[in-house]
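See structure below.
What follows draws every value from the coordinates through simple rules; no lab data is involved. Bear in mind that the values here come from a model prediction, so they are computed numbers and not experimental data. All Cβ positions, even for glycine, are placed from backbone atoms using ideal geometry, and neighbour counts span all protein chains on display.
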Amino acid sequence: RTFEHIIIESKDQVGVIRLNRPKMLNALSFAVLREIAAAVDGFEADDGIGCILITGNEKAFAAGADIKEMQPKSFIDMLNEDFKAIGGDRIATCRKPTIAAVSGYALGGGCELAMMCDIIIASDNATFGQPEITLGTIPGIGGTQRLTRAIGKAKAMDLCLTGRMMDAAEAERSGLVSRVVPVDKLMDEAMAAAKKIASMSRPAAAMAKDAVNRAFETTLSEGMNVERDLFRATFALEDRAEGMAAFIEKRKPTNKNR
Ligand code: HXC
C-alpha cells in the first residue's frame, strides 16, 4: 500500500517509518496515526524485519496531534474515535523491538508516540513536552501514564501542568531517553542500534522486550516469575544453543530465529 503522510523503507532487516508532514511539523492527524499503525502491521508481519525505527525530520519528530483537525471536534466525535486502533496502542503492542529517533520537537502526541517505542534515541536539539494544558486539554495517548512511569511524578507533573518543554539533556537525566547524540549523527546511531537488535535472535529479543514491559504491569515478585519462566523458555530455542556454542567455539552465531 502507498502512504500519504509517512515514508516507509526496509533496510538491513530494519523497517523505517519516517513521518512526512514537514510543513505542519509532522502534526499527527488521525490519518497519520492510522498510517503508522498500518506500517507497523506490515513490518510486524514481515519475517525480513527484526526492528522498527520511527523518525521525523531535523526540526520535528512530531509537534503533537493535529490541532487544526481537533479544534472543531465534540466529545461524541472523540468518543467514537477508536484510540486503540490508531497509534494509541499499535506501536506499544508491537512484539518486535521499536526505536524512536527524535530530532527537534516531540510534543504532546509526538512525545507520546516516542514513549510508545522501546528505546528513544534523541539528538542534542530534541525537545520533549506535554503542552496540551496550554490548549485547555490534557494528554490522551500516554502523556500522563508512560511519562510518569518513565520520569516519575515530580517531572511528569511539572511538564503536564506547566506545559513547558524539556531539552535533550534534561530528558536523558530524567530517564526518558536512552542516548543523546549530535543531530548529524542521529540516523547513523539509531540505524546502527536497530541493525544490531535486528541481528539478534528474534525470539530472544521478543522475550526480553516482553519481560521488561512486564515490570510496568505487575509486582516485583510476579515480574521475577515471568522473567524466570521466559529465561528458562530460551533453553528451548535453537538460537540459545547456537549462541552459547558459538561463544565457546569462538565464532559468530548464526540465528535461526526459531
Ligand atoms: C497542527 C501545527 C502543529 C500541531 C505546528 N503546526 N504544530 N499544526 N497541529 N500540533 C503548524 C503551525 O500551525 C504552522 O502552520 C507550522 O506547523 C509551523 O509551526 P510554527 O508554529 O510556525 O513553528 P514555530 O514558530 O517554530 O513553533 C514550533 C512549535 C509550535 C513551538 C512546536 O508550532 C507549537 O507550539 N505547536 C503546537 C504544539 C502543541 O501544542 N502540541 C500538542 C498538541 S495536543 P502554518 O500554517 O501557520 O505555517 C496533543 C494531544 C495528544 O498532542 C492526544 C492524542 C490523541
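Kirkwood hydrodynamic radius of region 1-123, from the reciprocal of the average inverse Cα-Cα distance over all distinct pairs: 14.4 Å.
Have a look at Gly175, Asn255, Val14 and report the one farthest towards the positive end of the charge dipole of the chain, computed about the Cα centre with Cβ charges (Lys/Arg +1, Asp/Glu -1). The listed residue farthest towards the positive side: Asn255. The trypsin sites (Lys or Arg not before Pro) of region 1-66 meeting both criteria, a DSSP state outside H, G, I, E and B (loop) and at most 13 other C-beta atoms within 10 angstrom of the site's C-beta, are Arg1, Lys59.
In this structure, Ile138 and Asp184 have a Cβ-Cβ separation that, at R0 = 45 Å, corresponds to a calculated FRET efficiency of about 0.80. Here region 215-258 is treated as an ellipsoid with the same Cα gyration tensor; its semi-axes, largest first and in whole Å, are 28, 10, 9.
With helices as the sole contributors, the chain gives -13000 deg cm²/dmol at 222 nm; each DSSP H run of n ≥ 4 counts as -39500 (n - 2.57), and the sum is divided by every residue. The simple Förster model, with R0 at 25 Å and r as the Cβ-Cβ distance, assigns Glu69 and Thr93 a FRET efficiency of 0.55. The long axis of helix 202-214 is offset from the longest Cα principal axis of the chain by roughly 50 degrees. Between Phe231 and Asp167, the simple spin-label model (points 7 angstrom out along Cα→Cβ) gives 4.1 nm.
About the Cα centre of the chain, what is the dipole size in debye to 20, counting +1 per Lys and Arg Cβ and -1 per Asp and Glu Cβ, all else neutral? Intermediate results must be reported in sequence, preceding the final value.
Details: 34 positive and 35 negative charges, 98 e Å.
It works out to roughly 460 debye.
With distances taken between every two different alpha-carbon atoms, the chain has a Kirkwood hydrodynamic radius of 19.1 Å. Relative to the longest principal axis of the Cα atoms of the chain, the long axis of helix 220-233 makes an angle of roughly 40 degrees. Using the average count of surrounding beta-carbon atoms within 10 Å as a protection proxy, the listed peptides 207-214, 35-42, 117-124 rank, highest first, as 117-124, 35-42, 207-214.
At a Förster radius of 35 Å, what calculated FRET efficiency corresponds to the Cβ-Cβ distance of Arg149 and Ser199, to the nearest 0.05? Intermediate results must be reported in sequence, preceding the final value.
On the way: r = 29 Å, r/R0 = 0.83.
With a Förster radius of 35 Å, E is 0.75.
Once fully extended, how much extra length lies between Ile248 and Ala31, figured as 0.36 nm per residue of separation less the alpha-carbon to alpha-carbon distance? Walk me through the intermediate numbers first.
Details: separation 217, 0.36 × 217 = 78.12 nm, distance 5.08 nm.
Roughly 73.0 nm would be gained on extension.
From the alpha carbon centroid of region 186-258 to that of region 141-164 is 30 Å. Estimated translational diffusion coefficient (Stokes-Einstein, Kirkwood radius over Cα pairs, 4 °C, 1.567 mPa s) of region 70-221: 79 µm² per second. Semi-axis lengths, largest first, of the ellipsoid equivalent to region 131-258 are 37, 21, 11 Å, with √(5λ) applied to each eigenvalue of the Cα gyration tensor.
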